[in-house]
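A short write-up of the structure that comes next.
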Amino acid sequence: MEVLSAQGAPNEKRVPNKDWKMDVNRTLQYTRWTLEILGVWALVKKNPKKWEIYGSRILTMMYSMLIVSITIPCTIHLIFKEKDIVERVETCGPIAFSITNLLKYYSIIYRRKMIKRCIEHVEDDWMEIVTKNDREIMRKRVSFGIDVTIVCAVFMYGGGLLYNMILPLSQGAHINEFNETIRPLVYPGYDIFVDSQQSPVYEMIFYTNCISAWTTYTITTAACNLAAVFVAHTCGVIEIMMSRLETLFDDVDENSQIVQHRLGDIIKSHVRVLRLTTMIETMLREICLVEVAASTIVVCLVEYYCVQKWDDGETLGIITYVALLISMCFNMYIFCQFGETLKEQCFQIGRAAYMIDWYRLPGKTGLTLIMIISMANCPRKLTAGQIMELSVSNFGAIIKTSFAYLNMLRTMSD
């Protein structure tokens, strides 16, 4: 007896996705890696062990202390010791970036239950995929999300390596006015508490700073990955829905029960997509708010550092800050682009539903499409704390604002 598929043509058999676990693992591979490093994976996985929960709490405290170990000395140095306006501006960058990533870290932890629900939703979606064409669509979208994560990580860690290790080490030690040898540190302010030039204190501070910076870059990559993976997955499901709408009448009669079954599956998929998009927006709400608010400030500061290094003729400094600028702009663009893509894809569902031969549906069956078309007129979108919609146009506004602040900084420092 032939098993008919409501998702495809009558001659297309339902084939249970035996490799769904492998597909899920590939989809969430980088999500798991980054969240495991940050100690969050145990909070979002199914049935975590007690020692994993305790380990997660220890890692959370340790990473928080590492980030604070940069923020507090720099802040004290900025307020009480540094008087030069240019040096003060240069100190603001590390402080703003560290605080930003600490807030992102806590936002990820705060939304751990929503992340867990999104992961479970992804698993259920992969189990329900029963045709080869649907798998190819989903795998293509997953590959795109993975590629975005890799590019984000390369930019972030590459720029961080230049800033935290190569740039200070290339400067070498110098002799101050008291005939003392001063070795470079990336972040100032430690001499208030200890003799930061004395070995092994210097080495401890230097490597602690590197680990702290590595933590912040991992947080940034994890936040980008959450947006990339789940939005790409949602777009894949939406693309499958549109494909099913286009083939709704293929090889069947208008009065066939198969049409109604197919339409029923499409409606169920649409409801699940709406639920998933709501969860994604809720999960990323605070992260996006921090990203938007901080990007305007941090990008402005990095632009200022680029101009300063250009004026000083420091080639390595220019390369370092340009790499950081590209990385931060790319991260912000990813959030805005995915917000725009999600909105556009949700709108396309309604268009696809309207463009089919809905008049061929028997009786009042066509009325079931009204809800899809109606919901498409209010498409889902990503927001920064429900304050600002994330879109490419707003990304341009953020960059313009950062340049406006840059001009103000240049005027103040001249």
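Values in this text are rule-based calculations from the coordinates and carry no lab data. Since the model is a prediction, treat every value here as computed from it, not as a measurement. Cβ placement follows ideal geometry from the backbone for every residue including glycine, while neighbour counts extend to all protein chains displayed.
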> If the viscosity is 1.306 mPa s and the temperature 10 °C, what translational diffusion coefficient in µm²/s does Stokes-Einstein give for the range 225-379 when Rh comes from Kirkwood over Cα pairs?
Replying inline: 86
> If you plug each phi of the range 78-91 into the Karplus form 6.51 cos²θ - 1.76 cosθ + 1.60 with θ = phi - 60°, what whole-Hz ³J(HN,Hα) values come out, in order, with x for Gly and Pro?
Replying inline: 5, 7, 9, 10, 6, 10, 6, 5, 5, 5, 5, 4, 5, 7
> So which aspartates and glutamates pass the test for LYS132, namely a Cα distance under 15 Å, with those fewer than 8 places away in the same chain ruled out?
Replying inline: GLU12, ASP19, ASP23, GLU239
> Along the range 294-300, what does the Karplus equation 6.51 cos²θ - 1.76 cosθ + 1.60 (θ = phi - 60°) give for ³J(HN,Hα), rounded to whole Hz, x for Gly and Pro?
Replying inline: 6, 4, 4, 7, 5, 4, 4
> Along the charge dipole of the range 100-152, Cβ charges K/R +1 and D/E -1, which of MET127, SER107, VAL148 sits furthest on the positive end?
Replying inline: SER107
> When we measure straight from the Cα of LYS400, which lysines land under 25 angstrom away, once same-chain ones fewer than 8 places off are left out?
Replying inline: LYS104, LYS309, LYS343, LYS381
>> About the Cα centre, and with charges only on the beta carbon of Lys, Arg (+1) and Asp, Glu (-1), how big is the dipole of the range 174-309? Nearest 20 debye, please.
In response: 220
> Where in the range 46-85 does the amide nitrogen come within less than 17 Å of the point 7 Å from the Cα of ASP195, taken along Cα to Cβ?
Replying inline: none
> Which are the unpartnered cysteines of the chain, meaning those with no other cysteine Cβ under 4.7 Å from their Cβ?
Replying inline: CYS74, CYS92, CYS118, CYS210, CYS235, CYS288, CYS300, CYS306, CYS329, CYS336, CYS346, CYS378
>> I'd like to know which of ALA353, ILE326, ALA293 lies farthest towards the positive end of the charge dipole of the range 289-379, counting +1 on Cβ of Lys and Arg and -1 on Cβ of Asp and Glu.
In response: ALA353
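Is the range 260-304 best put as rounded, prolate or oblate by its Cα gyration tensor, with a ≥ b ≥ c the root eigenvalues, rounded for a/c under 1.5, and otherwise prolate when a/b is larger than b/c, oblate when not?
prolate
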>> Using just the Cα positions, wrap the chain in a convex hull and report its mean projected area in square nanometres, one decimal place.
In response: 23.8
> Considering the dipole of the chain built from charges on the beta carbon (Lys and Arg +1, Asp and Glu -1) around the Cα centre, which of VAL307, TRP214, SER196 is farthest to its positive end?
Replying inline: TRP214
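From the alpha carbon gyration tensor of the range 160-250, can you work out the equivalent ellipsoid semi-axes (sqrt of 5 times each eigenvalue) and give them in Å, largest to smallest?
54, 12, 8
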>> I need the calculated FRET efficiency for the pair THR282 and ILE182, taking r as the beta carbon distance and R₀ as 56 Å, to the nearest 0.05.
In response: 0.70
> Separation between the LYS83 and TYR354 pseudo-spin-labels, each 7 Å from Cα along Cα→Cβ, expressed in nm?
Replying inline: 6.8
> Between GLN257 and ILE319, what length comes free when the chain is fully extended (0.36 nm per residue of separation minus the Cα-Cα distance, one decimal in nm)?
Replying inline: 15.9 nm
>> Please rank CYS300, CYS224, fewest neighbouring Cβ atoms within 10 Å first, as an exposure proxy.
In response: CYS300, CYS224
>> Neighbour counts of other C-beta atoms within 10 Å: give me GLU90, GLU344 arranged from fewest to most.
In response: GLU344, GLU90
> Once you put a point 7 Å from the Cα of LYS113 and another 7 Å from the Cα of ILE76, both along the Cβ direction, what distance in nm separates them?
Replying inline: 3.9
>> As an exercise, use a Förster radius of 30 Å and the Cβ-Cβ distance of ASN25 and LEU274 to find the FRET efficiency, rounded to the nearest 0.05.
In response: 0.70
> Taking Cα pairs under 8 Å and at least six residues apart, what relative contact order does the chain come out at, in percent?
Replying inline: 21
>> Less than 20 Å from a label point 7 Å out along the Cα-to-Cβ axis of TYR207: which backbone N atoms in the range 153-177 qualify, by residue?
In response: 161-170, 172-173
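Would you calculate a helix-derived [θ] at 222 nm for the chain, using -39,500 (n - 2.57) for each DSSP H run of n ≥ 4 and dividing by the full residue count, to the nearest 500?
-25500 deg cm²/dmol, from helical runs alone.
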> Using 1/(1 + (r/R0)^6) with R0 = 25 angstrom and r between the beta carbons of GLN171 and THR401, what's the FRET efficiency to the nearest 0.05?
Replying inline: 0.15
> With +1 on each Lys and Arg Cβ and -1 on each Asp and Glu Cβ, how big is the dipole of the chain about its Cα centre, in debye rounded to the nearest 20?
Replying inline: 1500
